[in-house]
Amino acid sequence: MQTVHTHTGRPEKKLVMTPEAARLVGLSPRTLETFRCRGSGPVFRKIGGRVLYATDDLQAWVDRAACLSTSEDRYEAALAASRAWRKRA
């Protein structure tokens with residue numbers, strides 16, 4: 001695992017590369033790459049040719065996907081998007 005830290009005088013954010021980000025959210029690196037191209041994944045940074053994710057951004061993205069019930073609009077939208085993605089793959 002390679003971790004990159006910012007040095008801006010602000011509190012440091014832990015930045016990780018795609019393989020570690022994928023592990024943290026339970027997806028494959030390829031899925032994160034696909035989400036990145038479609039604009040449906042977590043916030044990322046591209047620095048010096050490397051794609052980096054802040055761990056707090058990954059957690060926020062996961063938290064936004066939280067549902068209490070399968071009847072929620074958010075759940076239905078995520079399910080429909082997943083089905084559409086699988087049809088294209």
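The values are calculated or read from the model by the stated rules, or taken from the named source; none is laboratory data. From a predicted model like this one, the values you see are computed outputs, not experimental measurements. Note: ideal-geometry Cβ built from the backbone for every residue, glycine included; neighbour counts use all protein chains shown.
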Inspect region 54-72 for any residue being modelled with pLDDT of 95 or more and touching a Ser or Thr at 6+ places or on another chain (Cβ under 7 Å) and give the result as yes or no. no
Candidates GLY9, GLY26 - the one that is small (Gly, Ala, Ser) and modelled with pLDDT of 90 or more: GLY26
Name the pairs: first residue in region 12-26 and on the phi > 0 side of the Ramachandran plot, second residue assigned to a helix (DSSP H, G or I), Cβ to Cβ under 9 Å, at least 6 apart or on different chains? GLY26/VAL62
